[in-house]
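Heads up: the structure comes next, in structure tokens.
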Amino acid sequence: MSLEEWKEENPSMRQDLQILYELVRKLRPEVILEVGTGHSTLAMLRAMEDMYGDFWRFLYSTDIDNDRVKLFLKKAKDAQLKHGKFYTQDSIKFLSEFEGIADLIFIDSSHEYTQTLSELEEASGKLAPNGYIILHDVTAIRDVRMAVGHFLTIHPDEFKYFVLKTECGLGVLQRK
Ligand SMILES: C[S@@+](CC[C@H](N)C(=O)[O-])C[C@H]1O[C@@H](n2cnc3c(N)ncnc32)[C@H](O)[C@@H]1O
């Protein structure tokens, strides 16, 4: 399936998926981490496939729901998207145990305030200089918005922050 077909499948996320695809194409991250596996994974993998082809760059994605991981692993395989590595693990454990540095980290898991704030803290410890953390649902979900606001008060002057007004809102933190 193509990006267009996934957007047809998810009309409530059309802009989110398109912008995510374009952001990955523009920012050219070599390592992506994602917490919360699903349609976003496919959009980002599509961008990696279109950019990198046979060059080995990876998106590491985790979800606590193993059925969901299996489902999207199959969808990625069916679409011949080969830059994904899939895990069934809690987001905090996944981020804290990741051995390496990421250029882009996408957060779209529980959307709970405390969990999101902890994810932001763990993610910032794995983020490259000038790297990006992108949060889904910053306009749709108050807890996510509040967690970003709190994170920015703990880390003043460390990040630029702006919101892309898609259906659900993509919050973009760029490390200065
Ligand atoms: C709204 S879905 C979004 C998934 C995906 N980003 C997408 O675009 O379809 C949120 C996902 O986060 C997962 N999740 C919830 N809490 C989590 C946690 N603590 N660690 C990892 N994944 C979690 C859920 O199982 C669910 O699949």
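Using a cutoff of 8 angstrom between alpha carbon atoms and counting only pairs six or more residues apart, the relative contact order for the chain works out to 20 percent.
Roughly what % antiparallel, to the nearest 5, for the DSSP beta bridges in segment 58-176?
About 50 percent, rounded to the nearest 5.
As a length-normalised measure over Cα pairs under 8 Å and 6 or more apart, the relative contact order of segment 1-75 settles at 33 percent.
A full extension of the chain between Asp157 and Gln15 corresponds to an added length of 48.2 nm, given 0.36 nm per residue minus the alpha carbon distance. With Cα atoms defining each centre, segment 50-96 and segment 130-145 are spaced 20 Å apart in the structure. Against the main long axis of the alpha-carbon atoms of the chain, helix 66-78 sits at an angle near 50°.
From the cross-link list Lys7/Lys77; Lys70/Lys126; Lys70/Lys165; Lys82/Lys160; Lys7/Lys93; Lys7/Lys82, which pairs have alpha carbons spaced over 29 Å apart? Long pairs (Cα-Cα over 29 Å): Lys70/Lys165; Lys82/Lys160; Lys7/Lys93.
Under 5 Å from the amide H of Gly131 lie the amide H atoms of Arg175, each residue being 5 or more positions distant or on a separate chain, with H modelled from the backbone and absent for Pro and chain starts. Using the rule -39500 (n - 2.57) for each DSSP H run of four or more residues, divided by the residues of the chain, the 222 nm mean residue ellipticity is -14000 deg cm²/dmol. Using only the alpha-carbon atoms, how far is helix 113-125 inclined from the longest principal axis of the chain? Give it as 0 to 90 degrees, nearest 10. Once rounded, one gets 80 degrees.
Sorting 159-172, 14-27 by their mean Cβ neighbour count within 10 Å, with the most densely packed peptide first, gives 14-27, 159-172. Across all directions, the average flat footprint of the convex hull enclosing the Cα atoms of the chain is 8.9 nm².
Each value in this text was obtained by applying a stated rule to the coordinates, not by laboratory testing. This structure is a prediction, so every number in the text was calculated from the model and none was measured. All Cβ positions, even for glycine, are placed from backbone atoms using ideal geometry, and neighbour counts span all protein chains on display.
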